[in-house]
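> Got a structure here, written out as structure tokens. Questions coming.
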Amino acid sequence: MYEETLVILKPDALERRLVGSIIKRYEDVGLEVLDIRFISNVSESLINQHYPTSMARGLGEKAQKAMKGIIDPEAHGKLVLERLRKYFTRGPVIAIRIGGEDAIQVVRRVTGYTDPATAEKGTIRGDYAADSILKSTKESRACENLIHASGDIKEAMRELDLWFPRKRNPIS
């Protein structure tokens, strides 16, 4: 089924000059770049909508898995959320609207698991990311994993509307 999804190249992807290599990975599997935007300063409003407070528990659970259960997922999730927002706003990002057959699943497969330490070789994170949730947690910062990729169709639709707002024509 044809789908569209959101990929955001985070500040570390730009700092490490991996933009072309990352986009090529998606194109090489048949996905199409439908729109692309360089955003030099992500606003606090946009990042707070992208990473709403309601995501805290899920983020904490990923960290809890990496830390082998030694943290409170709710409390730690709030810290992770704060760190993610700071990380996302430290430098420019590139938002990409990508389309293709089963685009969401394909993007997630090509991107690799959220925690680069456990991402498979051959994925973007497995090949290029140099961080881990465990290391970043110990250093009190966000895990620098290069990319944000929408997780499902509902998330993709919500995020695409945030990063690529539709221009609506006034009714005549």
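Just so it is clear, none of the values below were taken in a lab; they were calculated from the coordinates. Being a predicted model, the structure only gives us computed values, none of them experimental. Virtual Cβ from ideal backbone geometry, glycine too; neighbours counted across all protein chains shown.
> What is the magnitude of the charge dipole of the chain about its Cα centre, with +1 placed on the Cβ of each Lys and Arg, -1 on the Cβ of each Asp and Glu, and no other charges, expressed in debye to the nearest 20?
Using only the charged Cβ atoms, the result is roughly 460 debye.
> Could you work out the Rg to Rh ratio of region 95-172, with Rh taken as the Kirkwood radius (inverse of the mean 1/r over all Cα pairs)?
That ratio is 1.11, to two decimals.
> What is the spin-label model distance, in nm, from S140 to D72 if the labels are put 7 Å beyond Cα along the C-beta direction?
Distance between the two pseudo-spin positions: 1.8 nm.
> Follow-up question, since we're still on this one. At 0.36 nm per residue, minus the direct Cα-Cα distance, what do E82 and R16 gain on full extension? Give it in nm, one decimal, please. The partial results should precede the final answer.
Numbers: separation 66, 0.36 × 66 = 23.76 nm, distance 2.32 nm.
So the chain would gain 21.4 nm between E82 and R16.
> Would you work out the charge dipole size for region 40-140 about its Cα centre, treating the Cβ of every Lys and Arg as +1 and the Cβ of every Asp and Glu as -1, and quote it to the nearest 20 debye?
Values: 16 positive and 12 negative charges, 32 e Å.
Magnitude of the dipole: close to 160 debye.
> When the chain is fully extended, how far beyond the present Cα-Cα distance does R109 get from R90, taking 0.36 nm per residue of separation?
4.1 nm
> At a Förster radius of 30 Å, what calculated FRET efficiency corresponds to the Cβ-Cβ distance of K154 and V29, to the nearest 0.05? Working shown, then result.
Details: r = 23 Å, r/R0 = 0.77.
The pair K154/V29 has a calculated efficiency of 0.85.
> Counting helices only, and only those DSSP H runs with n ≥ 4, report the 222 nm mean residue ellipticity of the chain as the sum of -39,500 (n - 2.57) divided by its residues, in deg cm²/dmol to the nearest 500.
-13000 deg cm²/dmol
> A follow-up question, please. Please give the FRET efficiency for D127 paired with I36, using the beta carbon to beta carbon distance and R0 = 30 Å, rounded to the nearest 0.05. Please report the intermediate quantities before stating the final value.
Numbers: r = 22 Å, r/R0 = 0.73.
Given R0 = 30 Å and the Cβ-Cβ separation, E is 0.85.
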